[in-house]
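**Q** Next up is a structure, given as structure tokens.
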Amino acid sequence: MEPPRCVESTDIQEAENEIPAAGHPARSVPPELVEKMVYDALVWSSLHGLVVGDRRAQSSGSVPGVGLVHAPFALLPMPFPKSYWRQACELAPIFNELVDRVSLDADFLQNSLSRTKKVDGFTSRLLDIHSKMLEIKKTEDIRLGLHRSDYMMDAETNLLLQIEFNTISSSFPGLSSLVSELHRNLLNKYGNDLGLDSKRVPGNTAISRFAEALAKAWNEYNNSSAIVMVVVQSEERNMYDQHWLCAVLKEIHGITSIRKTLSEIDVQGQVLPDGTLIIDGQAVAVIYFRAGYSPNDYPSEAEWSARVLMEKSSAIKCPSISYHLVGTKKIQQELAKPNVLERFLDNEDDIAKVRKCFAGLWSLDDTDAVKSAMEKPDLFVLKPQREGGGNNIYGDTVRETLIKLQKKGTEELAAYILMQRIFPTASLAFLVREGIWHLDNAISELGIYGAYLRNKDKVIMNDQCGYLMRTKVSSSNEGGVAAGFAVLDSIYLT
Ligand code: ADP
Ligand code: MG
Ligand code: MG
């Protein structure tokens, strides 16, 4: 293996000048030590499956074991205040419950999204499925949510503010658990040199808890020969994150899973008169979606018909169409309106806690908000109803897009929401990608996983389930790891 190469950012000096001397560990690590740690981290990642498909290698997204590269990671865990960490963890079960309550209010979902439906074809198709299920009076007694609520620390207000709440395909439960282990391992070895204590990196239970939630759901379905079906994209370079979950599901819980694309499900899937979903001759207990959140996942009617088939079945859908819709940016914005949380949550403390983490969110029929965004576009993010990173609009493009949309007619505005832009404090971080490290000014986004499982009135699981820290150079707008903007990280409690 080649030794890691170092690429110095050209503007470190400039970056350092901007940074308050908060004693961040990255400031004082001698380059020889960085080289040694990077080397060890690369070996550790390779030996422990902290890997993704290499975009430079053919078939790395379809054939496991071919064209692997370590997942991009931060060399050292990011300092993060314990009180904010606790706050984020405490929010997880409240948001889980909120999602469940909102999912049951079909009118709220349909009405909130009715104007978006007219101008956003993808959301419209999802709503059609939702309507269809209402028509046939489909109910979901067993409901499973594997969620991730994402936050950034706003530097100006010192508030932990929510970026978004993911109800479909919350990624990286597998790899994030590994990054925390990697960091603990490095600090066990080099902690004395760095003045850091590995115990301050909280253990990350994302993978075991998500597997546990899937297993418990499988158990509620109560068919010992049924399997878990993972809905996947045909090309998926993040497949190892998914395989990790399935491996734990098998090894710890003895549950078999299979991977199918939407188009395969269309051809091979069948729903029996009693509602059982059959694929490859096997009954499916739980459908776990790691695809289906983007219009690209539905290139033809076949994929939509697979989605409808699954929704009609009695299999437990993670997520159901209702849970999926609750996770849209539009619903996030509607929930932030005055007196809306009160419709769904009873406990005043819970409502206050949730509201406290809401950033400014506006519909584009709010003319004052649109006017402000035109005047100061840098203070806003314009978001369409999309998932997976790389879809949001920032800076001057916010103004240009708003002008363009207004020309097309006010209806077009309903495809987007406006959000207050959050500015976290930047600090230096060693970012490692494709074997090369790079010291840069970086900002982080903390995701808290949450699992929710209920069967009728019985809540079987409602818990926070570990975390994902993503760190990106502060000059980058978007934050996706898979989309190539960020690296995986963990936290160092301060
Ligand atoms: P997606 O569902 O595509 O992940 P997000 O709402 O999470 O959409 O936005 C993608 C990324 O854009 C986030 O990970 C974050 O880095 C950045 N981002 C989103 N909203 C804001 C915001 N209000 N302020 C600053 N950055 C944001
Ligand atoms: Mg998302
Ligand atoms: Mg996101």
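What follows is calculated from the coordinates using simple rules that are stated; it is not laboratory data. Here the structure is a predicted model, which means the values were calculated and not measured. All Cβ positions, glycine included, derive from the backbone under ideal geometry; neighbour counts span all protein chains shown.
**Q** Treat every Asp and Glu Cβ in the stretch 141-241 as -1 and every Lys and Arg Cβ as +1, leave all other atoms uncharged, and give the resulting dipole magnitude about the Cα centre to the nearest 20 debye.
**A** 360
**Q** Here's something else I'd like to know. Straight-line reach from LYS408: which aspartates and glutamates fall under 16 Å, measuring Cα to Cα and dropping same-chain residues less than 8 apart?
**A** Straight-line reach from LYS408, under 16 Å: ASP120, ASP365, GLU400.
**Q** Among GLY49, LEU126, LEU468, whose Cα lies farthest out toward the positive end of the dipole of the chain, if unit charges sit on the beta carbon of Lys, Arg (+1) and Asp, Glu (-1)?
**A** LEU126
**Q** Relative contact order of the chain: what whole-number percent is it, with Cα pairs under 8 angstrom and at least 6 residues apart?
**A** 26
**Q** Taking the Cα centre of the stretch 344-494 as origin, work out the dipole magnitude from +1 charges on Lys and Arg Cβ and -1 charges on Asp and Glu Cβ, in debye rounded to 20.
**A** 180
**Q** What dipole magnitude, in Debye to the nearest 20, does the chain give about its Cα centre under +1 on Lys/Arg Cβ and -1 on Asp/Glu Cβ?
**A** Magnitude of the dipole: close to 620 debye.
**Q** Over the stretch 361-419, what is the relative contact order in whole percent, taking alpha-carbon pairs under 8 Å and six or more residues apart?
**A** 48
**Q** Which aspartates and glutamates, if any, have their Cα less than 15 Å from the Cα of LYS260, not counting same-chain residues under 8 positions apart?
**A** Counting by Cα, and skipping residues close in sequence, LYS260 has these aspartates and glutamates nearby: GLU235, GLU236, ASP280, ASP297, GLU303.
**Q** Please give the Cα centre distance for the stretch 112-156 versus the stretch 46-109, rounded to the nearest Å.
**A** First find each Cα centre; the distance between them is then 20 Å.
**Q** What's the long-distance tail for the stretch 361-419, i.e. % of Cα pairs beyond 14 Å?
**A** 47
**Q** Of the listed pairs LYS117/LYS383; LYS312/LYS456; LYS118/LYS317; LYS117/LYS317; LYS137/LYS317; LYS317/LYS472, which have alpha-carbon separations greater than 21 Å here?
**A** Flagged as over cut-off: LYS118/LYS317; LYS117/LYS317; LYS317/LYS472.
**Q** Something else now. Please sort by residue number the trypsin sites (Lys or Arg not before Pro) in the stretch 403-472 whose DSSP state is loop and whose Cβ has at most 11 other Cβ atoms within 10 Å.
**A** Here the trypsin sites (Lys or Arg not before Pro) that fit, given the DSSP loop and packing criteria, are LYS456.
**Q** When the convex hull of the C-alpha atoms of the chain is computed, what volume per residue in Å³ does it have?
**A** Looking at the chain, the number lands at 150 Å³ per residue.
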